[in-house]
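Report on the structure given below.
The values are calculated or read from the model by the stated rules, or taken from the named source; none is laboratory data. All values reported here derive from a predicted model rather than from experimental measurement. Cβ coordinates were reconstructed from backbone atoms using ideal geometry, including for glycine residues, and neighbour counts include every protein chain displayed. Keep in mind that these areas ignore ligands, DNA and RNA; they rest on the heavy atoms of the full protein, side chains included. Shrake-Rupley method; radii C 1.70, N 1.55, O 1.52, S 1.80 Å.
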Amino acid sequence: GEARRTTGPYAPTTRWYDPDTPALAYDPARARQILEELGWRENSDGWLEKDGRVFEFTLVTNNGNAQRRAIMAIVQDSWRRIGVRCHTQLFEWAVLLEDFINKGDFDAVVLGWALSPDADLFQLWHSSQTGERQLNFVGYRDGEVDRLLEAIRREYDLDVRTTLARELHRRIAAELPYTFLYAPLGTWALDRRIGMLDESGGLVPVRAGGAGNVFEFFERWVRAPRAEP
């Protein structure tokens, strides 16, 4: 109950998120079948092997994040169950960024984004942003995604922008440069005397904005005076 499953590059609380994109099925048996169809066979040690090489890779993340560490343990065990050797390594944040992420020198990584509520994801997904120290650090390149990102930047009509963003969501979800996992949920505790002014000037309870940010309407907040004893 602490997160919401997600299927693409936008936060699920935004209008850009495509709610009709299906989640990737968790099907280890089918994964094993696909690998066998591609020529991988189980060796005497229980690992999948092809042309004399064991199927193995290294998964990295930053130290000090309990959720990411737990994800790595679950992922490692899931790969092991279908015969793939997944090594895991934890690094201090500065080391992870400087030696691996900024250089694009890694097999796979567990990370997360704190996204703005805007539809513009150019820096994360455009093929021009794949160089060293840029944010498309997985090196993803797709001409159709580039076209959609550029169109979103030029479009001011909200409905058209939403259509473009949801098309982008579907395209990236189909190609899976990331394996999208979840969007974490948060709990806010506010003074019961804090409310916010609605459009007509009336006092209503504080509500979160479209991106789930409780401070989006902060300029409307008011605090009722303490009642006299």
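If the segment from Asn102 to Asn65 were pulled out straight at 0.36 nm per residue, it would be longer than the present Cα-Cα gap by 11.4 nm. Hey, in the GNM for the chain with a 10 angstrom Cα cutoff, which one of Val204, Val60, Val138 fluctuates hardest? Answer for the Gaussian network model of the chain: Val204. Applying the Kirkwood pairwise sum to the alpha-carbon positions of region 128-190 produces a hydrodynamic radius of 13.9 angstrom.
Sorted largest first, the principal axis extents computed over the alpha-carbon atoms of region 42-142 equal 50, 32, 26 Å. Per the Kirkwood formula applied to alpha carbons, region 58-112 shows a radius of gyration over Rh ratio, Rg over Rh, of 0.98. Counting heavy atoms of the protein chains alone, His87 has an accessible area of about 80 Å² for a 1.4 Å probe. Relative to one another, the C-alpha centroids of region 62-104 and region 105-141 are positioned 18 Å apart. Its Kirkwood hydrodynamic radius, worked out from the mean inverse distance over all distinct Cα pairs, puts region 167-210 at 14.5 Å. The residues of region 113-182 have, on average, 57 Å² of accessible surface per residue, using a 1.4 Å probe with all protein chains present.
Normalised by 2.2 N^0.38 Å, with N the number of residues, the alpha-carbon radius of gyration of the chain equals 1.28. The translational diffusion coefficient of region 93-169, from Stokes-Einstein at 10 °C and 1.306 mPa s with a Kirkwood hydrodynamic radius over alpha carbon pairs, comes to 117 µm²/s. Loop-resident chymotrypsin sites (Phe, Trp or Tyr not before Pro) (DSSP state other than H, G, I, E or B) in region 1-65 with no more than 13 further Cβ atoms inside 10 Å of their Cβ: Tyr26. Note: region 3-86, Cα convex hull, 136 Å³ per residue. Hey, in the GNM for the chain with a 10 angstrom Cα cutoff, which one of Thr163, Thr14, Thr187 fluctuates hardest? Its mean-square fluctuation being the largest, the pick is Thr187.
Keeping the other protein chains in place, figure out the carbon and sulfur percent of the accessible area of region 56-117, with a 1.4 Å probe.
50 percent
Available extension along the chain between Arg193 and Leu115 is 25.1 nm, counting 0.36 nm per residue and deducting the alpha carbon span.
Using Cβ point charges alone (K and R +1, D and E -1), the dipole size of the chain about the Cα centre works out to roughly 580 debye. Over all other residues within a Cβ to Cβ distance under 15 Å of Glu175, the charged ones net out to -1, with Lys and Arg as +1 and Asp and Glu as -1.
Applying both filters, DSSP loop and at most 12 other Cβ atoms within 10 Å, to the trypsin sites (Lys or Arg not before Pro) of region 70-114 gives Lys103. Among Leu90, Leu149, Leu38, the largest mean-square fluctuation in a Gaussian network model of the chain (Cα springs under 10 Å) belongs to Leu38. Helical runs (DSSP H, four residues minimum) scored at -39500 (n - 2.57) apiece and divided by the length of the chain put the mean residue ellipticity at 222 nm at -8500 deg cm²/dmol. For region 109-229, pairs of C-alpha atoms spaced more than 23 angstrom apart make up 50 percent of the total. Note on region 1-44: Kirkwood hydrodynamic radius from all Cα pairs is 13.5 Å, rounded to one decimal.
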